[in-house]
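Asker: Sharing a structure, written as C-alpha cells. Questions coming.
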Amino acid sequence: EDQVTQSPEALRLQEGESSSLNCSYTVSGLRGLFWYRQDPGKGPEFLFTLYSAGEEKEKERLKATLTKKESFLHITAPKPEDSATYLCAAFSGNTPLVFGKGTRLSVIA
Amino acid sequence: KAGVTQTPRYLIKTRGQQVTLSCSPISGHRSVSWYQQTPGQGLQFLFEYFSETQRNKGNFPGRFSGRQFSNSRSEMNVSTLELGDSALYLCASSFQSQPGELFFGEGSRLTVL
C-alpha cells in the first residue's frame, strides 16, 4: 500500500531561520511527487511537481528536492506569510494521489 | 479565470440525514476529484470522475457516492450521516485525469450532530 509520511507534524521558526520539511514515501514506481500549501480555511494550493531522483524545483524562498525515498521542502529565510500547512503527495500510477498529513509551519516575526 | 467553486461552504446536519455537496470545476477541466480532510487522517481520496465516468474510488463505504454531469460539474452525496463524517470535503479539478496539478476549491465543511 502506498504511504506518505511527513515530519515534523508542526514546526515553529523565527523569521529568517531556515529549515527543511521532510516527506518520506513508500510507493512502488513513483511517477510524481507533489507539494501543496494549505492556508487555514482554504483548499490546498499547488507548489511543485518532482518526477525523478535528483530533481530540484525552486519558487521564491522554497526549494523542493527529491531522492529515491524522500523529498525535502527547504525554506530559506522564511517570513510570517510562509506560515501554512505544507502537504506532500505521491503518485504511482496504480492508485490516486496519496497525501501525507502535512507539516504545520508557523513563522514568528 | 474563475477557480473551483464548492457549495455550500458550511452545513450542519444530524445523524441519519443525507447531504449533497456541489463542485464546479475550472472551465475546460474534465477531471474532478473529491477528498475528505480531517485532523486525524489528513486528506483521504474519495473518488475521481473524468468525462462523467468514475475513474477511481477510495476506501469509503457505499454511503458515499458521486456523479459528474456533462458540463463537468460534480456532486457528491453522503447518506445516513454518522458523527465521523464531520470533515472538510474538498473538490479538485484538473485538465487531465490524475495525476497532474490539482486545483482545489475552498471546501465544504460538514458538521454532523
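Laboratory data are not the source of any read-out in this text; all were calculated from the coordinates shown. Model, not experiment: these values are computed from the prediction. In this analysis, Cβ positions are derived from the backbone assuming ideal geometry, glycine residues included, and neighbour counts consider all displayed protein chains.
Asker: Check A:Arg12: other-chain or 5+ apart residues with amide H under 5 Å from its amide H, H built from backbone geometry?
Answerer: Amide H neighbours of A:Arg12, under 5 Å, 5+ apart: A:Ser106.
Asker: Considering the zone a paramagnetic label at A:Tyr51 would reach in this model (a point 7 Å from Cα along the Cα-to-Cβ line), which residues of the stretch A:65-94 have amide N under 20 Å from it?
Answerer: A:65-72, A:89-94
Asker: Further question: Given the peptides A:73-82, B:102-111, arrange them by the average over their residues of other C-beta atoms within 10 Å, most packed first. If you can, show how the numbers build up before the last one.
Answerer: On the way: A:73-82: 16.0, B:102-111: 20.5.
In descending order of packing, they fall as B:102-111, A:73-82.
Asker: Between A:Thr26 and B:Gln54, what is the label-to-label distance in nm when each label sits 7 Å out along the Cα-to-Cβ direction?
Answerer: Output for this residue pair reads 2.8 nm.
Asker: Separate question: Peptide A:38-45: average number of partner chain Cβ atoms within 10 Å per residue?
Answerer: Working: counts 5, 1, 0, 5, 5, 15, 9, 3.
For peptide A:38-45, the averaged partner shielding equals 5.
Asker: On to the next question. What pairs from A:Lys42/B:Lys57; A:Lys57/B:Lys57; A:Lys42/A:Lys79; B:Lys13/B:Lys57; A:Lys57/A:Lys79; A:Lys69/A:Lys101 go past 22 Å between their alpha carbons?
Answerer: As for pairs spanning more than 22 Å Cα to Cα, those are A:Lys42/B:Lys57; A:Lys57/B:Lys57; B:Lys13/B:Lys57.
Asker: Now for a separate question. With no solvent and one equal point scatterer placed on each C-alpha of the protein assembly as shown, evaluate the Debye formula and give log10 I(q)/I(0) for q = 0.15 Å⁻¹, two decimals.
Answerer: -0.98
Asker: Let me ask something else about it. Take chain B, connect every pair of alpha-carbon atoms lying under 10 Å apart with a spring to form a Gaussian network, then pick out the residue of B:Gln54, B:Gln18, B:Gln41 with the largest mean-square fluctuation.
Answerer: Per the Cα network of chain B with a 10 Å cutoff, B:Gln41 tops the list.
Asker: By DSSP, what percent of the beta bridges with both residues in chain A are antiparallel, rounded to the nearest 5? Walk me through the numbers on the way to the answer.
Answerer: Values: 37 of 42 bridges.
The antiparallel proportion sits near 90 percent.
Asker: Given Cβ point charges of +1 (Lys, Arg) and -1 (Asp, Glu) and nothing else, what value in debye, to the nearest 20, does the dipole of the protein assembly as shown about its Cα centre take?
Answerer: On the way: 24 positive and 21 negative charges, 93 e Å.
With Lys and Arg at +1 and Asp and Glu at -1, about 440 debye.
Asker: Another one. May I ask you to order B:55-66, B:70-81 by the average number of other C-beta atoms within 10 Å around their residues, highest value first? Let's see the in-between values first.
Answerer: Working: B:55-66: 14.5, B:70-81: 16.8.
Ranked by mean Cβ neighbours within 10 Å, highest first: B:70-81, B:55-66.
Asker: Other chains near B:35-47: what is the mean number of their Cβ atoms within 10 Å of each residue's Cβ?
Answerer: What the average comes to for B:35-47 is 4.
Asker: Now a separate question. Can you tell me, using C-alpha contacts under 8 Å and at least 6 residues apart, the relative contact order of chain B as a whole percent?
Answerer: Values: 289 pairs, mean separation 41.4, N = 113.
Relative contact order for chain B comes out at 37 percent.
Asker: With both bridge residues required to lie in the protein assembly as shown, what share of the DSSP beta bridges run antiparallel, to the nearest 5%? Mind showing how you got there, number by number?
Answerer: Values: 74 of 83 bridges.
Antiparallel bridges: around 90 percent, rounded to the nearest 5.
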